[in-house]
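> Could you have a look at this structure, given as structure tokens, before my questions?
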Amino acid sequence: MPTAGRLAGAVIFGLFGWYLAGLTIPFFPESNAPDFWLPVVGGISLIIGWRVCGRRAGQGYSPATGIGLTCGVAIVFCSIFIVSFNQMIKNALRNRYRDGTMEAVTDVFNQMIEFSIMFADVTLIATVLIGGVVCAWVTEFFAQRFP
């Protein structure tokens, strides 16, 4: 059921995801992010804002802090998984996996580790955590004012 909390969570986290995607572009090799990077991260953030934060909105600001941290980490995990899966598909189409499909599946997680190391920056991590909490507080504000 659509509520003001879910709508606010989707919009706020969608914009936050778009902002995060823009911040991460310089961390890609030669500052060349994939073409799908900005819309996919924005879409993932929109879905997480609607399904995770919006669903739990209205419980108070203390739980909203934990929800915001959860949403921030979920956005990062899903975004890194998507870009790693895309890289695995590119490698598979170039016949780089000789031992079968299990090698490709395990390579997704190796790619996730490589992208995580590439994105390991104190400023970026602080932005994800603090921004997630602030977005959850804004969602909480709308959920309490417009139930």
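The values are calculated or read from the model by the stated rules, or taken from the named source; none is laboratory data. Everything numeric here is computed off the predicted structure, so don't read it as measured data. Here Cβ is always computed from backbone atoms with ideal geometry, including for glycine, and neighbour counts include all displayed protein chains.
> Would you point out which residue out of A136, A92, A126 is farther than 16 Å from L7 by Cβ, in contact with a helix residue (DSSP H, G or I) (Cβ under 6 Å, 6 or more places away or on another chain), among the small types (G, A, S) and in a helix (DSSP H, G or I)? Quick ask: steps written out before the conclusion?
Values: A136 fails: farther than 16 Å from L7 by Cβ; A126 fails: in contact with a helix residue (DSSP H, G or I) (Cβ under 6 Å, 6 or more places away or on another chain).
Of the residues listed, the single one that is farther than 16 Å from L7 by Cβ, in contact with a helix residue (DSSP H, G or I) (Cβ under 6 Å, 6 or more places away or on another chain), among the small types (G, A, S) and in a helix (DSSP H, G or I) is A92.
> Could you grab me the full set of residues in the range 10-37 that are surrounded by 14 or more Cβ atoms within 10 Å (Cβ to Cβ), over 22 Å from G54 (Cβ atoms) and at pLDDT 90 or above?
Within the range 10-37, G22, L23, T24, F27, W37 meet the criteria.
> Residues being over 28 Å from S31 (Cα atoms) and either touching a residue at least 60 places away in the same chain (Cβ under 8 Å) or exposed (fewer than 13 other Cβ atoms within 10 Å of the Cβ) (or both): count how many of those fall in the range 100-132. Show your work before the answer.
From the range 100-132, those over 28 Å from S31 (Cα atoms) are 100-103; that's our starting set.
Cutting the leftovers down to either touching a residue at least 60 places away in the same chain (Cβ under 8 Å) or exposed (fewer than 13 other Cβ atoms within 10 Å of the Cβ) (or both) gives us 100-102.
Selection size over the range 100-132: 3.
> Have a look at F77, F85, F28, F81 and point out the one that is in contact (Cβ under 8 Å) with a residue 60 or more places away in the chain, out of contact with any Cys (no Cβ under 6 Å at 6 or more places or on another chain) and farther than 28 Å from F146 by Cα. Spell out how you get there, then give the answer.
Details: F77 fails: in contact (Cβ under 8 Å) with a residue 60 or more places away in the chain; F85 fails: in contact (Cβ under 8 Å) with a residue 60 or more places away in the chain; F81 fails: in contact (Cβ under 8 Å) with a residue 60 or more places away in the chain.
It is F28.
> If you go through the range 54-79 one residue at a time, how many are touching a Lys or Arg at 6+ places or on another chain (Cβ under 9 Å) and among the charged types (D, E, K, R)?
1
> Within the range 70-82, track down each residue that is of a type in the set (A, V, I, L, M) and closer than 15 Å to L124 by Cβ. Steps first, answer last, please.
Here is the first cut: in the range 70-82, the residues of a type in the set (A, V, I, L, M) are 73-76, 80, 82.
Within the range 70-82, V73, I75, V76, I80 qualify.
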